[in-house]
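Step one of this worksheet: look at the structure below.
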Protein chains: 2
Amino acid sequence: MSELKNDRFLRALLRQPVDQTPVWMMRQAGRYLPEYRATRKQAGSFLDLCKNAELACEVTMQPLRRYPMDAAILFSDILTVPDALGLGLYFEEGEGPRFRKTVRSAADLAGLNTIVADDDLDYVMNAVRTIRRELNGQVPLIGFSGSPWTLATYMVEGGSSKDFAHVKTMAYDQPELMHQLLSLLADAVADYLSAQVRAGAQALQIFDTWGGSLSAAGYKEFSLKYMQRVISRLPAEADGRKLPVIVFTKGGGQWLQSIADCGAQAVGIDWTTDIAVARGLIGERVALQGNMDPSMLFASPQRIRTEVAAILSGFGHGSGHVFNLGHGITPGVNPDHVTAFVDAVQELSPQYHQVS
Amino acid sequence: MSELKNDRFLRALLRQPVDQTPVWMMRQAGRYLPEYRATRKQAGSFLDLCKNAELACEVTMQPLRRYPMDAAILFSDILTVPDALGLGLYFEEGEGPRFRKTVRSAADLAGLNTIVADDDLDYVMNAVRTIRRELNGQVPLIGFSGSPWTLATYMVEGGSSKDFAHVKTMAYDQPELMHQLLSLLADAVADYLSAQVRAGAQALQIFDTWGGSLSAAGYKEFSLKYMQRVISRLPAEADGRKLPVIVFTKGGGQWLQSIADCGAQAVGIDWTTDIAVARGLIGERVALQGNMDPSMLFASPQRIRTEVAAILSGFGHGSGHVFNLGHGITPGVNPDHVTAFVDAVQELSPQYHQVS
């Protein structure tokens, strides 16, 4: 593999000194970019795009051609693992993801496929290898997965949900079955992420999109515990460096201290958390990733710059901050506003990294 | 007015001793009850139901006939004020509320009606008076309003929203215009709630449903500040007692200490907050209301009882807790599960109020 030219992102995740705050955006390969929409059209469905290594690589690279991002992220879906387990993932146009089957009983659980990520999710590993080749050391590549709890919500509900009635009823009334499903998912996710590292991923992010729907006690029991289990099974290194893992629980701001103990090197925070408060609470133990409101990108470039300045100042001096949005970029954003965002991070952050 | 037979709810809000923890549910007059669905059908549209004092009273009383709730809450909509301001509220079947007009410019703002709640929202005051008569002192009546920020989100977006693109763009790019709208709303809400108290409301709740969509700084600037302004303009007393005000910001768990300083006597917390943590942070200053996950009502009666026990134990001994869900009850809940919920609070809470 070619040598890494920009390791700012990896260094910040390990709280090692950097020259400026690294930046990338969740969902940076996405619908706000006209070139993404064109490639997506060419691919056919969203899943066709995920399963075509060349096209998945193409959309992964697109934001890097426009913006000096410090990391690339594998283009894929968070529901590839449940799909491989046999649930039959599909997308209805204009709606969220759906599964043909659900898991609501011990029999449903027993009927899931036994999977090996290298074989059953080889299309993802092909995409990782293709992207690494294409990146040619420009920036590191982030691999990712949904968290066990987040995957379980879709598998039990059969798709997106507003109140999580089915999955929560299972968690509350059949905790043993729920824990069996979560254990199975934790093992599958650990295998999946480990395979991504073998294929070339240099950092990992676990997206716990729906952990924030749980109560404080439920979060620890059904989500955090299984992310911990995933992390404990990951390889320690990637490409001869320590492998950094980022955990991002949307809506997890009240539980930062527990999250910081889960074994991850970095904790993602959404925009409802004051980053200065977060640094005070957990910034000596882990790096922080975030946390501009994605809707700020609808505002003027000048206002975006002011917000970037406020977040940089909130985190303060020193390493341990990866600039990002507090959630994925919204489809309707003007791509020029992303330029303002990334430029502001690059222009305003070096002062926080000068050794005085 | 007839004397109040059960003042447990009012006393707990003021952290005065009670014999057991009072309980009610947000949206307790609602679709999970077959008798509500029948009355709603009889009324015609949802708005027709809100505007008919006799039928609004009927649905307010329905949950009290089934369950020994310690409070009634006015049946109405949170968007009555923007409707009176001239935006034209309507409901599409199966969708959320919509407005015929939006407020996105200084001209839109200037075009709003000047309103006086006693006249322009007399149908709400009629409902309050009718319900008070019908309650006949059984339990206190809660009046309510949406918070200025929550009302503004619907007025600027024209309805519900996923990312609040328009209202946040206004807040970020035209903060002066946003503050003008919020000031106008704070005054209208204060007048509306004061009129409800004159008509017979004995406690008030401000529903800040969308305050949690803001950043930590944005919440203080655009939501909390205006709830504070509303509260500062409310009468001190209702029926010769101190008037308690509850502020409920869904998703506000990270900001409890600021919320506790807004002038309200009680703070509502959703189910993502550990009530023991909340009591430690602000329980010496304000009462707490909450906080069972509404989805817990899908679980078995036995599991519901275990959860009630855990929350009671989390709050611990003494007054200052009003039991509630962490958000409105979900339409699909079995009404018998609500019986299990209310019974558990009544049976398990007296031990926390014994003077030893």
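Go through the stretch B:48-113 and name the trypsin sites (Lys or Arg not before Pro) that are in a DSSP coil and have 15 or fewer other Cβ atoms within 10 Å of their Cβ.
Details: sites: B:51, B:65, B:66, B:98, B:100, B:101, B:104; in loops: B:100, B:101, B:104.
When the trypsin sites (Lys or Arg not before Pro) of the stretch B:48-113 are filtered for loop state and at most 15 Cβ neighbours within 10 Å, B:100, B:101 remain.
Cα convex hull of the stretch B:16-138: how many Å³ per residue?
Details: hull volume 18.3 nm³, N = 123.
Residue-normalised Cα hull volume stands at 149 Å³.
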Chain B: most fluctuating residue of B:228, B:20, B:174 per GNM, C-alpha cutoff 10 Å: B:174
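Restricting to the protein assembly as shown, compute how many DSSP beta bridges are antiparallel as a %, nearest 5. Working shown, then result.
Numbers: 12 of 60 bridges.
Among the beta bridges of the protein assembly as shown, antiparallel pairing accounts for roughly 20 percent.
My understanding is that a pair violates if its Cα-Cα distance is over 26 Å; which of A:101/A:220; A:168/B:250; A:51/A:101; A:220/B:225; A:51/A:242 do that in this structure? All intermediate terms of the calculation are to be shown ahead of the outcome.
Details: A:101/A:220 28 Å; A:168/B:250 19 Å; A:51/A:101 21 Å; A:220/B:225 33 Å; A:51/A:242 29 Å.
Too far apart for the 26 Å limit: A:101/A:220; A:220/B:225; A:51/A:242.
So, with +1 on the Cβ of K and R and -1 on the Cβ of D and E, and no other charges, what is the size of the charge dipole of chain A about its Cα centre, to the nearest 20 debye?
About 360 debye.
Would you compute, from DSSP H runs of 4+ residues alone, the mean residue ellipticity of the protein assembly as shown at 222 nm, taking -39500 (n - 2.57) per run and dividing by the full residue count, rounded to the nearest 500? All intermediate terms of the calculation are to be shown ahead of the outcome.
On the way: 30 runs with 304 residues, N = 712.
Dividing the helical sum by the residues of the protein assembly as shown leaves -12500 deg cm²/dmol.
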A chain fully extended from residue B:334 to residue B:183 at 0.36 nm per residue, minus the present Cα-Cα distance, gains in nm 50.2 nm
Do any trypsin sites (Lys or Arg not before Pro) in the stretch A:195-259 lie in a loop, going by DSSP, with at most 16 other beta-carbon atoms within 10 Å of their beta carbon, and if so which? A:233
Estimated distance in nm for a label pair at residue A:236 and residue A:306, the labels positioned 7 Å out from Cα along Cα-to-Cβ: 4.9 nm
Ranking B:78, A:280, A:112 by how far each Cα lies towards the positive end of the charge dipole of the protein assembly as shown (+1 on Lys and Arg Cβ, -1 on Asp and Glu Cβ), the top one is A:280
Rg followed by Dmax, in Å, when the stretch B:38-88 is reduced to its Cα trace: 12.4, 39
Dimensions of the stretch B:8-353 along principal axes (Cα, Å, largest first)? 58, 45, 40
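Could you work out the relative contact order of chain A, using alpha carbon pairs under 8 angstrom and six or more residues apart, expressed as a whole percent?
Working: 693 pairs, mean separation 78.4, N = 356.
RCO, chain A: 22 percent.
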How far is the Cα center of the stretch A:48-82 from the Cα center of the stretch A:150-194, in Å? 26 Å
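Sorted from largest to smallest, which semi-axis lengths in Å does the alpha carbon gyration tensor of the stretch B:115-217 give for its equivalent ellipsoid, taking the root of 5 times each eigenvalue? Please report the intermediate quantities before stating the final value.
Values: eigenvalues 189, 40, 23 Å².
Result for the stretch B:115-217: semi-axes of 31, 14, 11 Å.
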With the calculation restricted to Cα positions, what are the radius of gyration and Dmax of the stretch A:62-134 in angstrom? 16.0, 49
7 Å along Cα→Cβ for the label point: how many nanometres lie between residue A:114 and each equivalent label in the other copies, listed shortest first? 7.9
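If you keep only loop residues by DSSP, which GluC sites (Glu not before Pro) in the stretch B:1-85 have at most 15 other Cβ atoms within 10 Å of their Cβ?
Numbers: sites: B:3, B:35, B:54, B:58; in loops: B:3.
Answer in residue order: B:3.
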For a quick protection proxy, order the peptides B:303-313, B:331-341, A:206-216 by their average other-Cβ count within 10 Å, most packed first. A:206-216, B:303-313, B:331-341
In a Gaussian network model over chain A where Cα atoms closer than 10 Å are linked, find which of A:249, A:169, A:330 has the largest mean-square fluctuation. A:169
May I ask you to list, by number, the DSSP H helices of chain A whose Cα span along the axis is at least 24 Å and whose average Kyte-Doolittle hydropathy reaches -1.0 or more? A:175-199
Taking the rotation that carries A onto B, look along its axis and tell me which residue of A has the beta carbon nearest to it, distance in whole angstrom. A:254, 3
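I'd like the antiparallel share, as a percent to the nearest 5, of DSSP beta bridges with both residues in chain A.
On the way: 6 of 30 bridges.
Here the antiparallel bridges make up roughly 20 percent for chain A.
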With 49 Å as the cut-off, how large is the P(r) tail for the protein assembly as shown, expressed as percent of Cα-Cα pairs? 16 percent
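Taken together, the values in this text are just the output of simple stated rules run on the coordinates, not laboratory data. Just so we're clear, the structure is a prediction, and the values are computed from it rather than from any experiment. As a convention, Cβ positions derive from the backbone with ideal geometry for all residues, glycine included, and neighbour counts pool all protein chains shown.
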